[in-house]
Each structure stands twice: as C-alpha cells, then as structure tokens.
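The values are calculated or read from the model by the stated rules, or taken from the named source; none is laboratory data. Model, not experiment: these values are computed from the prediction. Every residue, glycine as well, gets a Cβ built from its backbone with ideal geometry; the counts of neighbours run over all protein chains shown. SASA here: full protein model, heavy atoms, side chains in, ligands and nucleic acids out. Shrake-Rupley method; radii C 1.70, N 1.55, O 1.52, S 1.80 Å.
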2 protein chains.
Amino acid sequence: MVATDGRPAPNQQSSTFNLKSYLEAQQAQVEAALEQSLPQAYPDKIYEAMRYSLLAGGKRLRPILCLATCELAGGTAAMAMPTACALEMIHTMSLIHDDLPAMDNDDYRRGKLTNHKVYGEDIAILAGDGLLAYAFEWVASKTQDVPAQQVLQVISHLGRAVGAAGLVGGQVVDLESEGKNDITLETLNYIHTHKTGALLKACVVSGAILAGAAEDERQRLSRYAENIGLAFQIVDDILDITATQEELGKTAGKDLQAQKATYPSIWGLEESKVQAQQLVAAAKGELATFGEKAQPLLALADFITARTS
Amino acid sequence: MVATDGRPAPNQQSSTFNLKSYLEAQQAQVEAALEQSLPQAYPDKIYEAMRYSLLAGGKRLRPILCLATCELAGGTAAMAMPTACALEMIHTMSLIHDDLPAMDNDDYRRGKLTNHKVYGEDIAILAGDGLLAYAFEWVASKTQDVPAQQVLQVISHLGRAVGAAGLVGGQVVDLESEGKNDITLETLNYIHTHKTGALLKACVVSGAILAGAAEDERQRLSRYAENIGLAFQIVDDILDITATQEELGKTAGKDLQAQKATYPSIWGLEESKVQAQQLVAAAKGELATFGEKAQPLLALADFITARTS
C-alpha cells in the first residue's frame, strides 16, 4: 500500500512513531483533565465513590482515541478534551454498574476492589448515574471553539452509544446469552459491536465531528473504529483465557466460569488471533489517505492487538 | 396584589382557568410524545422494561411544567417537547433505580409492580441507564427551532440537576440520614432541594431557556420552581402519613417504617401544611409580572398542594 503522494504508506512509517512516549504524554494530559473535571465536594461520599473509579488509572484508550482523531481531522486536543473526559466517565459508569452483584458480580477491577465492594451497592448505583449525567453536562458546558451544532451532534452520538441502541443493548443480549451453548456468531457480533464497539466508535466519531471532518473522512474513521472495536473485544476474549489475574488486574477466566460464548469458543484461540489481526489491518487500511497525520491512530490499532492488559 | 397594568392580579384570575381540562390536554400531548419517543425495538427486553416504567402513567407534572414555562416565556410547546420528554425519562430513571433492593427496596410504584420486580435487578439497572442516556440524546437530536447554544445550556442544566450536584447528591444524603434521629432542618432542606427540587427547577428553567427568556425572567421563574419544589416535597411527606396505599399507588407509611426524617416529623402535620401553603403563595408572587399568561403555572402551584396522589 502506497500513499497517493508517493511517500511510504503510513503503516510502514508507524514503526518510527514512538507510541510509548505518545501514550504516556496523552495519558498524563487525560489524567490531569479528569482530576480537574471532578473535584471532591459535598456530599463527600458520592464524589469519593465517583473519583475512586474514574481516577483508578487504566489505559485511557477511549479519551486518547478521541483526542487523536480530533487532531488527525484538523482539530486541537483542547477542542476534544471535555468529550474525551466524558467518554471515560461513561466507560467508568458502565464498569461500575457491570460489576454490581445483580450484573457480573465482580470484586476486582483494574487491580482494585470494585466500587460497590468499597462504597456499597446503593452508592455504586448512584455513582454510575452521577458519572453518566456529568458526562453530558461536561461536554455541553465545557467544550470551546467548536460550533454549538457540532457539540449537539457529539452529545447525540454519545447518548446513542451508551443507551439501549448501544452499550446497554449489548449488555442485555450478553446477559441473555449467558449459559447458552448455541450462541451464533451473529449474536456474538451484536453483543460486542454494541457492548464495547459502540463507545469506541463514539470516541473516534466524536473526535471527527468536533474537528469538523468532512462526511467521507468521518465514514472512513468510523469504519476504522468498528474494526478496532471488534479486534479489541476478540483480544479481550483471548486474554481472558491466556492471561493471569495479576496481568489483567481483574478476575481472570470469568467467561469460562460463566459459560459465556466468546470468539475463542467459536473459532478457537489461533483463528481468533488471526481474525483480530485481519481486523486491525483493515482498520489501518481506512487511514491510508490521511498520510503521516494518521501515525497515532495506526499505532493505536497495533497496540490494541499487542496489549497484555 | 395587582398587576402593573391595572388588571386583576393573576392569582385572582386563576379560579377561572380550567386546570383540569388544561392538565388533561397537556397530559395527552405528553403521553403521545413519550410513546413516539421510545418505540419497541431489539433487544426486546430492554425496550419493554424502559417503556414499562416510562409509559406507566403518572401526572406528567415535570413535562407539563417545562411546556407551560416555555409557552409563558414566549416559546412554543413544540420547542420544549423533546426536553419535556427527556425530563420524564430522567425522572423515570430515578424512580427505577430508587426502587431497587439496594436502595429503597420498593415493590410497587404508581400502582404497578416496580421495574426490577417484573424484569429483574440487572435489567432494571440497565433500563435506568438507558433512559438517562436517551434523555440527553433526545434533547440533542430532536429539539427544533431553538438556537443550538440554548439547547446546550438546557443539556448542561439537565445534567447538573440529575448528577451529584442535584438529584443523586440528594439521594446520597437521604440514604445517609436514614435511621438518624438528629437530622437538622438544614440537612432535610438539602435532601429535598436536591432529590426532588433540582429536577423540578430544571423543568422550569429549561423551558425558560428554550424560549429565550431574559435573565430576570429566568431568575423569577427559577425562584417559582424552588418554592413549588419544596412545597411539593412537604406535601409528599404529609401524604405519606395521611394517605392510604390505594390513594398513593405505592407503599404508604414507608418514611415512618424507615425512620426517615420528614417535615411533619420536625414541624408536625399542621405546621407542615402551613409552610407548604406559604411556599406556594411565594411561588405565585414571582409570577405577578407575567399577567394572564401565568395562569397555567399559577394553577399548577395550587395543584401541587391540593393533590391527593
């Protein structure tokens, strides 16, 4: 693959791009913005609970995807930072509620006790609600230098990504599929394109909208996001089998215990790895026309299949 | 009290205003808009659960307050309808989550089984999340004929009203106060100005913002909302003692059972009624300068203290 201006294709160049230092710099920016977004306040307990999970570390992949896409499409990191933080607030909400006893009943997350194990179920439910509401407030009130109409489009996308047409819908089908032995690939794809994929896609699409990207660019970036979203989940399924609890920072082998259908359970482990790599290659293909500017998103696509936690 | 143009003051006129037919007409409009906002879709179970609680009837006081304020301030009902529906979605979310076993553990709401009793705790948590996310999506994507900047302001207000600085914060302090005998009036006021008051205020303020009301009008309407919000809660406390389960459509006497501090427990029943009436009078006073246009909001203020369910 050669870029249209005759330079080497970006995915050949990406080896020279230092992803590690890029991620460290972006993570530091995101951490600082998250910390500032949610200062401790009265009532103490709810802010502590929200901060406990929001500031628990993690790769900050979603905010970084949003920032990187906005910059790729001609915007600035500052334009996208409120949305980047909102995406992490939404993601954190979904983790807190997903870990509840009535849902996945997990005790550990990112190597720490889950929210309800520390603060109780009632506060954990409310902390999730608070983070979800705050995400929309934050985007609406803090986004600067972006036309208001585009900010509304971002809010609409975020809402759709997290609601019954997105993340929540994926979780419902996931819950319904538990313990069933006859889950089809179609159902498994539905679960993951909604439960994980919708929010990852919203990260990329919202970054593009904030930058004012043209429709064809937005669609290309959207397909990039769909591909890495599915690859991300396949890798997650693989890691659940191959990684230890220490590496994951959460309970390992949960899928097997819960008899959940996974890509490895349908395709086997090796074929799952191949499929993930093919999706990453397809994702990178969508970025060919962006040239060097695409280096962060190209490297992020590789990072997703290479990650060990 | 006489209006500045010499006409009889609006709260004297309000006896000629037919609140019953006004409420019936507005409720019918809101019901139709809510029904259209959330059609049944795949995954069936989550849409059923969301629709079960959203379309369970009720007074639709919040949407009607929003529509009435928007019209009072020079806007149209159509401009405010998406926000009016969103307010009911948010309110419904708070009821679903509030009824959960980890929270108030209620079996009945509006005379029907609570969401988690019908669909299970996991689906009830997700139905609440889905409604909350959808509320913001709905306002952002469906509001028409309002400048985008004002729609963003509304979204910011809604987020703040439901989050830790609003409804969620009020619920947390309420949970912390349960079973305590030494709750101060200050704490009780905090609970209710946040748990119930913040969203009622958001109904009125968002209606005013959508109509493009001037700052002084917005502040007057905001004070009207604060006063009726607190009156509403005092009446709610009174009803919990005096009404039967059949009248309430939910479990009666819950506050006493839970040893919750209430206005009647601090002031006694009679003084609570007097305080509620004084708040309603103050609320109506804020509307004096609006003339005849204020009739719906004046009548709604009366309705709030007169309601039996």
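The table below lists the values:
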quantity	calculated
Residue satisfying all of: in the stretch A:44-75; part of a helix (DSSP H, G or I), over 30 Å from B:Leu175 (Cα atoms) and open to solvent by 10 Å² or more (accessible area, probe 1.4 Å); farthest from the other protein chains (Cβ to nearest Cβ) among these	A:Glu71
The lone exception for B:Asp106 - which of (1) at the interface with chain A (Cβ under 8 Å from one of its Cβ atoms); (2) not in a helix (DSSP H, G or I) it fails	(1)
Qualifying residue in the stretch A:105-114 (condition: under 25 Å from A:Ala32 (Cα atoms) and buried (at least 24 other Cβ atoms within 10 Å of the Cβ))	yes
Residues of the stretch B:174-194 satisfying the condition of being within 11 Å of chain A (Cβ to nearest Cβ) and within 30 Å of B:Ala68 (Cβ to Cβ)	B:Asp174, B:Tyr190, B:Ile191, B:His194
Residue check, A:Ser14 within 30 Å of A:Ala282 (Cβ to Cβ), part of a helix (DSSP H, G or I) and at pLDDT below 95	yes
Single unsatisfied condition, B:Val151 versus (1) under 19 Å from B:Pro264 (Cα atoms); (2) within 12 Å of chain A (Cβ to nearest Cβ); (3) hydrophobic (A, V, I, L, M, F, W, C)	(1)
Candidate set from the stretch B:22-43 (those that are open to solvent by 10 Å² or more (accessible area, probe 1.4 Å) and within 13 Å of another protein chain (Cβ to nearest Cβ)); member that is nearest to B:Asp302 (Cα to Cα)	B:Pro39
Qualifying residue in the stretch A:197-204 (condition: more than 7 Å from chain B (Cβ to nearest Cβ), open to solvent by 10 Å² or more (accessible area, probe 1.4 Å) and over 16 Å from the mean Cα position of the chain (by Cα))	no
Any chance B:Ala86 is under 24 Å from B:Pro43 (Cβ atoms), more than 8 Å from chain A (Cβ to nearest Cβ), of a type in the set (Gly, Ala, Ser) and under 21 Å from the mean Cα position of the chain (by Cα)	yes
Tally, over the stretch B:273-289, of residues that are buried (at least 17 other Cβ atoms within 10 Å of the Cβ), at pLDDT below 95 and more than 15 Å from B:Gly229 (Cβ to Cβ)	1
Single residue of the stretch A:135-148 satisfying the filter (open to solvent by 40 Å² or more (accessible area, probe 1.4 Å) and more than 8 Å from chain B (Cβ to nearest Cβ)) that is nearest to A:Thr92 (Cα to Cα)	A:Lys142
All positions within the stretch B:79-102 that are open to solvent by 10 Å² or more (accessible area, probe 1.4 Å) and either outside any helix (DSSP H, G or I) or in contact with an Asp or Glu (Cβ under 7 Å, 6 or more places away or on another chain) (or both)	B:Met79, B:Asp98, B:Pro101, B:Ala102
Test result for A:Val168, modelled with pLDDT of 90 or more, of a type in the set (Val, Ile, Thr), surrounded by 24 or more Cβ atoms within 10 Å (Cβ to Cβ) and farther than 26 Å from A:Thr76 by Cβ	yes
